[in-house]
Amino acid sequence: MLIKQASPPGATGRVYGTVYSGLDIGFALASPVFGAILDAGHAGGVFLGAARALALGVACASLVGLRVALSARRVAA
């Protein structure tokens, strides 16, 4: 829903493609990084890394939501 609301008119497909390509790249990069953390003997680092990634995702989604809300307010005014 957030992606659909944040995308410009007529660009929803391109935005979905970009988002899901980014997810695939993130998953591909996270596996070796977390594997290296585990191999180094820092199992707690995996949880810390996952928490940081989640916090970053929440912050990004909040900023997109704020931008959409501000744009809607400007259009209505």
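Where a number appears in this text, it was derived from the coordinates with a stated rule and is not lab data. Every value quoted in this text rests on a predicted model; they were computed, and no experiment measured them. Here Cβ is always computed from backbone atoms with ideal geometry, including for glycine, and neighbour counts include all displayed protein chains.
Quick rundown of the values:
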{"quantity": "Sequence of 25, 3 once ranked by neighbouring C-beta atoms within 10 Å, starting from the fewest", "calculated": "25, 3"}
{"quantity": "Helical contribution to [θ] at 222 nm, DSSP H n ≥ 4, -39,500 (n - 2.57), averaged over the chain, rounded to 500", "calculated": "-30500 deg cm²/dmol"}
{"quantity": "Neighbour-count order for 47, 34, fewest beta carbons within 10 angstrom listed first", "calculated": "47, 34"}
{"quantity": "Two-site label geometry, residue 18 and residue 40: point separation in nm, points 7 Å out along Cα→Cβ", "calculated": "3.2"}
{"quantity": "Cα long-axis angle, helix 12-39 against the chain (0 to 90 degrees, to the nearest 10)", "calculated": "20"}
